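First up is the structure itself, then whatever we jot down about it.
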Amino acid sequence: MLIENKSIAIVGGGPGGLILARLLQLKGANVKVYERDFDKDARLVGSPLDMHEESGLAALRKANLIDEFKKNFRPGADKMVIANEHAEILYSDHATKPDEDFGNEYFRPEIDRVPLRNMLLESLQPGTVVWKSHFVSMKAQNEGWLLNFKNASSAYADIVIGADGANSKIRPYITNIKAFYSGITMLEGNVHDAKSSVPNIHALAETFPPLWPGMIHLLAPNRLR
Ligand SMILES: Cc1cc2nc3c(=O)[nH]c(=O)nc-3n(C[C@H](O)[C@H](O)[C@H](O)COP(=O)(O)OP(=O)(O)OC[C@H]3O[C@@H](n4cnc5c(N)ncnc54)[C@H](O)[C@@H]3O)c2cc1C
């Protein structure tokens, strides 16, 4: 087996890195995840993820984590509502989209990133994630690689896997191809004290319980009242 008696370093503890670590540990691999965050509570990690049958859900099934996912996902949050600046509903999936469930190829259950990250972390052997490890460079050593981190620490691994996101610092070791701007920009934010600052939108969010004001994508934030 390629990974037998090998130490594996995964750089990046996002959903990709953590689920890969879990799958490798199920195969008995010796794996560490090096993550730049200070600890698991260092930040709120972005908007919810929708999981697809053939990718995210398939990986969770392989990792024996689908039951954990079912305890943590946000039922109903896969349905979209489009409203104008007066919170009048222009379109609602709730009116038209049939209820789907696990096993249906069109089901796209949503999960917040914090519970997803927590359930993946809890599935790993203790000490798998090495926090405060901001990868900066690596050089060949023996049969493997010596990884250097911003805090001046270093670690050896036979195999290195880059899971450090769109601006990967591992990618240049593999290819000259650089990430490029796709032409789409998405802004995300939270509304402070939504109940009084955007009462109509707040009421709308309460009408559809899986939603909450922070999850609403604001298309015209200055006009929402
Ligand atoms: C606004 C938005 C909405 C999205 N919605 C969806 C959705 O609904 N469904 C979906 O499937 N996808 C969605 N995506 C895409 C999704 O976020 C990514 O596919 C997913 O996060 C990729 O996971 P990843 O683990 O590969 O990388 P990331 O989530 O980017 O994780 C990378 C990890 O590496 C760490 N890291 C980075 N650099 C270093 C370094 N030098 N050293 C150590 N650690 C490092 C970071 O701290 C982070 O924890 C969305 C993306 C955005 C921006």
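If you check Ala179, Ala155, which single one turns out to be assigned to a loop (DSSP other than H, G, I, E, B), more than 18 Å from the chain's Cα centre (by Cα) and within 16 Å of the ligand (Cβ to nearest atom)?
Ala179 is the lone residue from the list that is assigned to a loop (DSSP other than H, G, I, E, B), more than 18 Å from the chain's Cα centre (by Cα) and within 16 Å of the ligand (Cβ to nearest atom).
Taking the condition of being under 24 Å from His94 (Cβ atoms), in contact with a Ser or Thr (Cβ under 7 Å, 6 or more places away or on another chain) and at pLDDT 90 or above, how many residues in the range 59-81 meet it?
0
Mind counting the residues in the range 164-192 that are hydrophobic (A, V, I, L, M, F, W, C), at pLDDT 85 or above and open to solvent by 100 Å² or more (accessible area, probe 1.4 Å)?
Summing the residues that are hydrophobic (A, V, I, L, M, F, W, C), at pLDDT 85 or above and open to solvent by 100 Å² or more (accessible area, probe 1.4 Å) in the range 164-192 gives 4.
Give the residues of the range 110-126 that are in contact (Cβ under 8 Å) with a residue 12 or more places away in the chain and either touching an Asp or Glu at 6+ places or on another chain (Cβ under 7 Å) or assigned to a loop (DSSP other than H, G, I, E, B) (or both), sorted by residue number.
Glu110, Asp112, Met119, Ser123, Leu124, Gln125
For Asp99, state whether it is assigned to a loop (DSSP other than H, G, I, E, B) and more than 23 Å from Asn190 (Cβ to Cβ).
It is true that Asp99 is assigned to a loop (DSSP other than H, G, I, E, B) and more than 23 Å from Asn190 (Cβ to Cβ).
What are the residues in the range 10-53 that are more than 7 Å from the ligand (Cβ to nearest atom), in a strand (DSSP E or B) and open to solvent by 40 Å² or more (accessible area, probe 1.4 Å), if any?
Asn30, Lys32 - these are the residues of the range 10-53 that are more than 7 Å from the ligand (Cβ to nearest atom), in a strand (DSSP E or B) and open to solvent by 40 Å² or more (accessible area, probe 1.4 Å).
Would you please name the residue that is farthest from the ligand (Cβ to nearest atom), looking only at residues in the range 54-73 that are surrounded by fewer than 17 Cβ atoms within 10 Å (Cβ to Cβ) and part of a loop (DSSP other than H, G, I, E, B)?
Among those residues, the one meeting the criterion is Asn64.
The values are calculated or read from the model by the stated rules, or taken from the named source; none is laboratory data. In this text the structure is predicted, and so the values were computed from the model without any measurement. Don't worry about glycine lacking a Cβ; one is built from the backbone with ideal geometry, like all the others, and counts go over all protein chains shown. Only protein heavy atoms, including side chains, enter the accessible area calculation; ligands, DNA and RNA are left aside. Shrake-Rupley method; radii C 1.70, N 1.55, O 1.52, S 1.80 Å.
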